[in-house]
Each structure stands twice: as C-alpha cells, then as structure tokens.
Amino acid sequence: MRTTATKLERSRRHWDRHSRTYDRQMGRLERRFFGDTRQWLCGRAEGEVLEVAIGTGLNLERYPAGTRLTGVDLSPAMLEQARRRSERTGRAVELGVADAQRLAFPDASFDTVVCTFSLCAVPEVRTVLSEMDRVLRPGGLLLLADHVVSTSRPVRVVQRLLELVTVPQAGEHFRRRPLEQVRAAGFGLELHERFKLGIVERVVARKPTG
C-alpha cells in the first residue's frame, strides 16, 4: 500500500517530467472543455492571493492589477516554468515548493486562495481544502475549478475506466467533486457553474466571518 509520502514523490516526478509539455497539453483541453474558466475565476481574486498548485503559471496574467501573488507547487520543474512566465510577462509572484497538504503559512494569511485543475491530483482533497481554509482570512474568497465526476452515467463509466490507468500512473482522479467538501466546511457559495456534461465545475465561495 502506497504511503502519502510515496504518492507525493510519484506526483512530483510525474509533473517534473511533464513540465515542458504541460502548457501544450492543457491548451488543447482548455479549447475543448474549459473555455474561459481561468479568466472567469482568477479575475475575481482580491488582495493577498495564494495560488495552490500554480504549475507553470498559466493563471498569472488573469489576476487583477493590484493583487499580490504567492504561488506554490510540488514540482520544482513546473515552478521554473512559472518563474520564466513571470519574467516574460512582468507579473510579479512569490514562488515556492510546497506540499498543498502542509502549507507553510500562518493562519489567516490570505484574502483569496485559488486552485485550478489540480485538486484532481492531490492525495487527499479534504486535507488540502482544510489547509486552504486555515490560511484564508475570515470573509476571504476560495476560487476553485476542476474536472469532476460527470452528471452523465455513460461518461461516469468512462471516467472510472480512465482512473484505472491515471490514478496508478499520475494520481489523477476523474470522479472527485471538491464542492461537497467546500460546503461541508461551511463556506458560503457565491457563484457556481457546471458544464460539459457536468465534467467541468467552477466555484466561488466565501469563508464565514464568524
């Protein structure tokens, strides 16, 4: 049975290997499935922003002017791509290697926490969301987007078959739905969209102030 540490190391190696081709692969998916999700989500960020699993920095140019960005990722090679994108675009960001399940920030450090198309690949969604909740200030925004379990039964069958390959190889899940944990944690749902047979879901939620 794989330990969490083993899963993390496997995931780190996987994303290091794919760091140079990730943008091209993601571009195809975005054109076919995700549409304007990055702009729709990141354009709502405010204040001090933490992006968890920032990857190659595809969201950097989507944040409003005046927001102050911090980004963490498990993969040093992905972060190197994000650093290069920051230099090319002039969008400043503080970058660091981190396990999303153990964020090295004090409680209530950020006004906004963002995660796009990455909760599908973390070992424990509940643990990661708990950490996001911890570092988010009361009244802060949680902005999430991911591919999730479909509303279509035939598609769910395909997703289950895909997981037989993707979970052992890359730790990538197709039948998760983080919104359920967000609601359970007491966040108030402000905006929510689900499309492409329910496969894509994007969420704007706010942490309670009390």
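Each value in this text was obtained by applying a stated rule to the coordinates, not by laboratory testing. Because the structure is predicted, anything quoted here is derived from the model rather than measured. Glycine gets a Cβ as well: all are built from the backbone with ideal geometry, and neighbour counts include every protein chain shown.
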Item to complete: In whole angstrom, note down how far apart the Cα centers of the range 75-93 and the range 115-149 are.
Response: 22
Worksheet item: Which cross-chain or sequence-distant (5 or more) residues have an amide H under 5 Å from the amide H of S118, H modelled 1.01 Å from N in plane?
Response: none
Worksheet entry | Note, ³J(HN,Hα) from phi for the range 74-80, Karplus 6.51, -1.76, 1.60, rounded to Hz, x at Gly and Pro | 6, 9, x, 5, 5, 5, 5
Practice prompt. Identify the trypsin sites (Lys or Arg not before Pro) of the range 9-91 meeting these criteria: DSSP loop state and at most 14 other C-beta atoms within 10 Å of the C-beta.
Written response: R20
Discussion item. Of A82, T116, F105, which is farthest towards the positive pole of the range 76-138's charge dipole, taken about the Cα centre with +1 and -1 on the beta-carbons of Lys, Arg and Asp, Glu respectively?
Written reply: A82
Item to complete: Kindly state, to the nearest 0.05, the FRET efficiency for D107 paired with R160, given R0 = 45 Å and r defined as their beta-carbon distance.
Response: 0.75
Worksheet item: What is the set of long-range amide H partners of A108 at a cut-off below 5 Å, with H atoms built 1.01 Å from backbone N?
Response: V135, L136
Fill in: Relative contact order of the chain, pairs being alpha-carbon contacts under 8 Å that are 6 or more residues apart, as %
19
Discussion item. Restricting things to Cα coordinates, could you compute the convex hull volume per residue of the range 4-206 in Å³?
Written reply: 110
Worksheet entry | Magnitude of the charge dipole, the chain, Cβ model with Lys/Arg +1 and Asp/Glu -1, debye to 20 | 760
Practice prompt. Two decimals is fine: what's Rg over Rh for the range 35-110, C-alpha atoms, Kirkwood radius as Rh?
Written response: 0.94
Response to the item:
With only helices counted (DSSP H, runs n ≥ 4, each -39500 (n - 2.57)), the per-residue ellipticity at 222 nm for the chain, to the nearest 500, works out to -11000 deg cm²/dmol
Discussion item. Can you work out the Karplus-derived ³J(HN,Hα) for every residue in the range 168-185? Use 6.51 cos²θ - 1.76 cosθ + 1.60 with θ = phi - 60°, whole Hz, and x for glycine or proline.
Written reply: x, 7, 10, x, 9, 10, 10, 10, 7, 8, x, 3, 4, 6, 4, 5, 4, 7
Worksheet entry | Sites V97 and F195, calculated FRET efficiency, Cβ-Cβ separation with R0 30 Å, nearest 0.05 | 0.35
Worksheet item: If r is the Cβ-Cβ distance from T151 to S130 and R0 is 30 Å, what FRET efficiency results, to the nearest 0.05?
Response: 0.65
Worksheet item: Which residue, A65, A53, A77, tops the fluctuation ranking in a GNM of the chain built on C-alpha contacts under 10 Å?
Response: A65
